[in-house]
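The values are calculated or read from the model by the stated rules, or taken from the named source; none is laboratory data. Nothing here was measured: the structure is a model prediction, and the numbers come from that model. Note that we place each Cβ from the backbone using ideal geometry, even for glycine, and neighbour counts take in every protein chain shown. Quick note on the areas: whole protein, heavy atoms, side chains included, nothing else; ligands and nucleic acids left out. Shrake-Rupley method; radii C 1.70, N 1.55, O 1.52, S 1.80 Å.
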Protein chains: 2
Amino acid sequence: MNPNILPNFLKNRAMLTPNRVAIVFKDKRLTFKELYEEAYYRAGVLTASGVTDKAYVGFLVKSDLYTVISLLALQIIGAKAVLLNNRLTVDELVYQLNDARVGFLVTEPVFDLVCKQIRGQMPALNIMGKQDATSYTEPIEKKIIHLADTCTIMYTSGTTGFPKGVIQTYGNHWWSTMGSVLNLGLHEKDAWLCAVPLFHISGYSILIRSIVYGIKLVLHDHFEVDKILRAIEKEKISIMSVVTTMLHKIESAVEKSLPSTFRCMLLGGGPASLDLLNRCMDKGIPVYYSYGMTETSSQIVTLAPEYSTTKIGSCGKALFPAQIKIIDDKGNETSANIPGEIAVYGPNVSQGYLNKGKSSMDGWFHTGDIGYIDSEGFLFVLDRRTDLIISGGENIYPAEVEGVLTAINGIIDAGVVGEKNEEWGEVPVAFVVKEHNVLLTEETILNICKQKLARYKVPKKVYFLSEIPRNASKKILRRKLRN
Amino acid sequence: MNPNILPNFLKNRAMLTPNRVAIVFKDKRLTFKELYEEAYYRAGVLTASGVTDKAYVGFLVKSDLYTVISLLALQIIGAKAVLLNNRLTVDELVYQLNDARVGFLVTEPVFDLVCKQIRGQMPALNIMGKQDATSYTEPIEKKIIHLADTCTIMYTSGTTGFPKGVIQTYGNHWWSTMGSVLNLGLHEKDAWLCAVPLFHISGYSILIRSIVYGIKLVLHDHFEVDKILRAIEKEKISIMSVVTTMLHKIESAVEKSLPSTFRCMLLGGGPASLDLLNRCMDKGIPVYYSYGMTETSSQIVTLAPEYSTTKIGSCGKALFPAQIKIIDDKGNETSANIPGEIAVYGPNVSQGYLNKGKSSMDGWFHTGDIGYIDSEGFLFVLDRRTDLIISGGENIYPAEVEGVLTAINGIIDAGVVGEKNEEWGEVPVAFVVKEHNVLLTEETILNICKQKLARYKVPKKVYFLSEIPRNASKKILRRKLRN
Ligand SMILES: Nc1ncnc2c1ncn2[C@@H]1O[C@H](COP(=O)(O)O)[C@@H](O)[C@H]1O
Ligand SMILES: Nc1ncnc2c1ncn2[C@@H]1O[C@H](COP(=O)(O)O)[C@@H](O)[C@H]1O
Ligand SMILES: [Ca+2]
Ligand SMILES: [Ca+2]
């Protein structure tokens, strides 16, 4: 037996428990059988458009039922989904579409203007409305899947500020799902609320879990706290994935406690304050604080409930199939309580980036994040990878914003850091050095940024300096900028 | 990342949830940390005796705490456990020990006499008491495991009557565990009662699940219905594995219903009558009826609870990672409702038998069992592999008993079939053809059988015939014998 062959996830689930509710979106409610049939039909439409198992298909979409159907249609065909952050600018999108050599783009009317501009730069791109259906060809169905096959591509940036496409295989998703179930458990009546974007691993992984576990996915296309609380009640939600800003709003809005059917608030995507965690505890909101990244196909370290009081602030221990260690400058493992770079290992960890070769040699992925593991094995994250700013769950890489700023005529140097913010956790602010006697206002600079960068990446403020503080090796001293 | 490398199961579990109760046996109660420490110590004792990761170590033991500790000690070292059915005769044991090239035998005082006789035939065998400790050498611990590595060997017989050692890798066990969790779910307070032998896959798989899931294993060294019911109450058992004879007794003994903490009676190992299943349903005993075998590392097909009324008698659908199909004489897949041989596929299915080469060419394991799959995908088992008799959960292969009978001086031919029995489900009965004028009584024949065969295999009755009914190709017509 090849241990790395499994039945196609959705087809199998539809066969196993056809009549269980698979997904709820607004007033629509589909069973696994119905979801499979819809995805199968969509696979036929995509096949008619020329999508094959070799294709990389871009997704510029909102998080709704038809996005789910199209994503699952790709799994039926075996085509690879390139999930684009729908808040990116045309330039950013074109960069990723070119980098992934995308031939087809699935989208919807709200993005018409953006798509027109994309087409201007990529005339050969085949752009398809996610609900359009001009013709249908019986799809060649992948009845079995190889765990090593690529399922999704999601872009993330490193130190250089250039986004790279993280390869997530079916195996990465599968093992992530298994790691999670061994920590969170699985109840027959579980229902998972998804109000995070499907184009992020936080959202896509909920879709995979729904299918593998056979549980209900309740999908919201945006986060609105009143609607969320009503859904938790009405749909008997037991698990919800949140980023800090969402949890903040939920905690404030919850009057007494959540319904007893609710059992897990999976918090990830960035740091959380002890204050917030404490307040949740007071209200009996069961928070599972986790650490993970696009490269680990969602959470890889999660605090089990039994430690939520004694180890508050820690994001826990590695999920069962995974391993973590802390390494020093020389690449050696540190002792307990000694900070260093967090390295991770496991079958949920991506093998590397699209068209960029392996992400590591020894199998350990070096995250760039700084933290320590205490003597009982609990991970504490101290600092994020290369100055990453996290704003409302979205990542902002300073180097990327700095690149845009220094490309502006009249700007010699620039530094970007995060500033604490009530609502978003952090927002980016810029420090720039202008050429002598150049006339450049904050407004002009921000207008240029808005053309080049997704809104959430645009600095909230520009400060003019005579010099950006740098160390001997010319690295920006961000700590100095922050003060 | 190599997707087939995981942290050592027990070491990892002891790190993740050190203080959860791992095992309860009589008045002993160990946490995962304590269980790991005990197993680690035992690994040192075994290492001092010369056991290495290359060793095949026989186990002739009862199902108790120290057996569990020794079995887990082998996993720490990476040595392979050859699990012997402790009801076998010396001849049967020696056959398996030789076949598996076993160098070490872990045993205990109750088997002293048997071991003495084994040593007579295998003077080089290193026999060790499972609680003895003469010396200790720091073990070389396998901190990670490769899923392809062999974990256990369990013997089973095929058509020929010669037992073959089924190779079960860590991967087979792991995937079996995953298939089960996706069907049965996993609750934080789950506790699994094991009153089936640890040397059968039904018992060993509970041990693996306890460690991988991090749940309590309550171990009984034999089945006694009163004690079982008391344990279910006292230890808040949620899941129990049973064979038909056990379930019979439990159903009779349960007065009203089981405690509400109890959620799953996992029934396997052989056919169950509709009558029994119905009676369980009436008493609210939640039965998950399953199909599996040593080669599939426990259940591979299980009836999900939502179908227990509408599909009674079916053992359900394949677990998520596995596949099943029915094949005709020519090896082609049959249509719905058409009976044929049951073939199975999946990462939980053994790659083959020890020192015998692969069990199949195309990856599909042909079980020898007969059944059909209905139009909704539910499996119904009609007949067992090559006339297998199942008596109180133990397998009896007619060919094996027939081999012993025909080896007796004065017996020309023999046929063995199962006879319905209230207590055991079935018992073997023999039909023999004597040479002309030979004096051979039932008693003499049975005495010889008792020396050669485990008690449960010895025919309960011997009938003398003038001829064994056979078809044109000399195959015994067992159906005729049964009437
Ligand atoms: N629990 C956490 N505490 C601090 N930072 C986190 C945490 N979880 C995720 N992050 C950061 O978010 C990054 C992953 O971003 P992404 O790939 O968008 O999920 C990680 O590399 C960390 O820098
Ligand atoms: N649900 C079932 N119905 C009928 N026979 C079964 C069932 N489950 C297991 N068996 C039989 O038991 C055999 C496995 O024996 P063992 O390897 O001892 O577990 C299978 O090949 C079947 O012949
Ligand atoms: Ca993020
Ligand atoms: Ca059996």
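Restricting segment A:304-322 to residues that are more than 11 Å from every other protein chain (Cβ to nearest Cβ) and within 10 Å of A:Tyr288 (Cβ to Cβ), the residue that is modelled with the highest pLDDT is A:Cys315.
Results for (1) away from chain A (no Cβ under 14 Å); (2) out of contact with any His (no Cβ under 6 Å at 6 or more places or on another chain); (3) aliphatic (A, V, I, L, M); (4) closer than 21 Å to B:Asp64 by Cβ, shown as yes or no for each residue.
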position: B:Pro163; (1), (2), (3), (4): yes, yes, no, no
position: B:Trp175; (1), (2), (3), (4): no, yes, no, no
position: B:Leu193; (1), (2), (3), (4): yes, yes, yes, yes
position: B:Gly203; (1), (2), (3), (4): yes, yes, no, yes
position: B:Leu219; (1), (2), (3), (4): yes, yes, yes, yes
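If you check B:Phe262 against the conditions, is it open to solvent by 10 Å² or more (accessible area, probe 1.4 Å), within 16 Å of ligand 4 (Cβ to nearest atom), hydrophobic (A, V, I, L, M, F, W, C) and in the same structural domain as B:Thr150 (by TED's automatic domain parsing)? Answer is no for this residue.
Could we say that B:Lys460 is modelled with pLDDT under 90 and of a type in the set (Lys, Arg) here?
Judged against the criteria, B:Lys460 is not a match.
Would you mind stating whether A:Ile127 is open to solvent by 20 Å² or more (accessible area, probe 1.4 Å) and under 16 Å from the mean Cα position of the chain (by Cα)?
no
Among the residues of segment A:295-307, those identified as crowded, with 22+ Cβ neighbours inside 10 Å and either acidic (Asp, Glu) or within 12 Å of ligand 3 (Cβ to nearest atom) (or both) are A:Glu295, A:Thr296, A:Ser298, A:Gln299.
Each row is one residue, and each column tells you yes or no for (1) farther than 16 Å from B:Glu467 by Cα; (2) modelled with pLDDT under 90; (3) more than 16 Å from ligand 4 (Cβ to nearest atom).
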{"site": "B:Ile396", "(1), (2), (3)": "yes, no, no"}
{"site": "B:Leu405", "(1), (2), (3)": "no, no, yes"}
{"site": "B:Asn409", "(1), (2), (3)": "yes, no, yes"}
{"site": "B:Val416", "(1), (2), (3)": "no, no, yes"}
{"site": "B:Glu423", "(1), (2), (3)": "yes, yes, yes"}
{"site": "B:Val427", "(1), (2), (3)": "yes, no, no"}
{"site": "B:Phe431", "(1), (2), (3)": "no, no, yes"}
{"site": "B:Asn437", "(1), (2), (3)": "no, yes, yes"}
{"site": "B:Thr444", "(1), (2), (3)": "yes, no, yes"}
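The number of residues in segment A:14-36 that are open to solvent by less than 10 Å² (accessible area, probe 1.4 Å) and at the interface with chain B (Cβ under 8 Å from one of its Cβ atoms) comes to 1. Entry remark, segment A:340-359: residues being at pLDDT below 90 and either within 8 Å of chain B (Cβ to nearest Cβ) or not in a loop (DSSP other than H, G, I, E, B) (or both) number 2 in total.
Being farther than 27 Å from B:Gly352 by Cβ and either crowded, with 24+ Cβ neighbours inside 10 Å or within 14 Å of chain A (Cβ to nearest Cβ) (or both) is true of B:Gly214. When we screen A:Leu10, A:Leu6, A:Leu72, A:Leu93 for residues that are crowded, with 20+ Cβ neighbours inside 10 Å, within 19 Å of the chain's Cα centre (by Cα), closer than 16 Å to A:Lys143 by Cβ and not hydroxyl-bearing (Ser, Thr, Tyr), the only hit is A:Leu72. If you go through segment B:377-415 and keep only what is buried (at least 16 other Cβ atoms within 10 Å of the Cβ), more than 16 Å from ligand 2 (Cβ to nearest atom) and assigned to a strand (DSSP E or B), you end up with B:Ile411, B:Asp413, B:Ala414, B:Gly415. If you go through segment A:422-447 and keep only what is within 16 Å of ligand 1 (Cβ to nearest atom) and either within 14 Å of another protein chain (Cβ to nearest Cβ) or open to solvent by 50 Å² or more (accessible area, probe 1.4 Å) (or both), you end up with just A:Trp424.
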